[in-house]
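The values are calculated or read from the model by the stated rules, or taken from the named source; none is laboratory data. What you see is a predicted model; the values in this text were computed from it and never measured. As a convention, Cβ positions derive from the backbone with ideal geometry for all residues, glycine included, and neighbour counts pool all protein chains shown. Heavy atoms of the whole protein, side chains included, go into the accessibility calculation; ligands, DNA and RNA do not. Shrake-Rupley method; radii C 1.70, N 1.55, O 1.52, S 1.80 Å.
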Amino acid sequence: MRLLVLAGLLVLFASCQEEVEMPLGALERIPVIEAVWTDDPSANFVSVAYSRDYFDTLENERIPDALVEIEDLNSGRVVEFRYVEELGHYLAVNQQVAEIGHEYQLRVLLEADAYEATGTTLEPPVLDSITYEFKEERFFADEGYYLTLYGDIPFPNNNFYRLILTRNDTVLNRRSDYFLFDDTFGSTILNNGFELTGFTFEKDDKVRLQMLRLNRSAYDYLNQMVSLLFNDGGLFSPPPANPASNIRGTSAVMGYFMTAPVLTETVFIQEEAE
């Protein structure tokens with residue numbers, strides 16, 4: 001009798017399920033600013049665009065006529081940015097770059113609204129060497145070559161990092177490729193050898209690795225973005241929400257400002273590590 005009652009309840013529960021469509025109204029478009037300011041001129045840019053609805057399939061509406069500049073709050077130097085049509089974003093005039101230890105303020109003027117953010121280009125950690133090793137397929141690990149980083153993190157605080165990997169001139173930018181870490185596992189993680197377990201490579205691959213030391217606000221933004229990318233909208237997932245911006249403005253704004261030093265190393269995968 002208990003089994004019959006349970007089966008009946010399951011049938012009743014299943015019959016009560018139905019798909020519900022939520023009405024998603026169009027919202028007023030909001031400026032989206034993405035600004036990267038480092039000591040590497042090839043990494044620097046400022047993107048200014050308008051937001052679009054979730055189900056909108058059109059390309060982002062770029063804003064080519066904003067006033068964009070970054071001021072060095074230590075020296076008073078103001079770096080102007082010019083819009084490059086072919087790239088769809090702004091580049092620093094004369095390929096100027098950030099200086100280690102200096103504090104910077106991003107300013108974007110868009111019609112009657114102004115937006116700003118600040119950050120400090122922190123001192124980089126030490127990256128001594130990168131080794132690689134071929135490993136057979138393991139539980140939850142694919143077969144292939146794995147990189148291990150060696151170096152030193154000598155800082156007692158502000159240890160927030162991002163790794164950007166490029167394989168054969170293609171940036172790895174899937175949601176699982178965003179590699180963020182702090183000193184949760186200790187500041188000696190590079191001293192003991194830090195294996196990048198989430199990335200496999202093949203023989204003859206050319207791998208470029210960039211290591212950035214971030215300010216906390218930029219790190220938090222990227223963490224929230226990664227969480228959003230992995231949000232499947234399921235029963236146990238939090239409601240999806242845009243990451244909290246570290247940019248302030250006279251009106252609503254999305255996006256983030258990041259300033260950081262960049263350590264860049266290139267590795268060519270051979271059959272045996274040299």
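Here are some notes:
- Output for segment 154-169, where each listed residue is β-branched (Val, Ile, Thr) and surrounded by 18 or more Cβ atoms within 10 Å (Cβ to Cβ): Ile164
- Leading residue by the ranking (surrounded by the fewest Cβ atoms within 10 Å (Cβ to Cβ)) among those in segment 217-248 that are of a type outside the set (A, V, I, L, M) and modelled with pLDDT of 95 or more: Arg248
- Among the residues of segment 31-48, at least one is of a type in the set (D, E, K, R), at pLDDT 75 or above, open to solvent by less than 50 Å² (accessible area, probe 1.4 Å) and in a loop (DSSP other than H, G, I, E, B).
- Checked across segment 182-197, the condition of being within 17 Å of the chain's Cα centre (by Cα), in a loop (DSSP other than H, G, I, E, B), among the small types (Gly, Ala, Ser) and surrounded by 13 or more Cβ atoms within 10 Å (Cβ to Cβ) holds for no residue.
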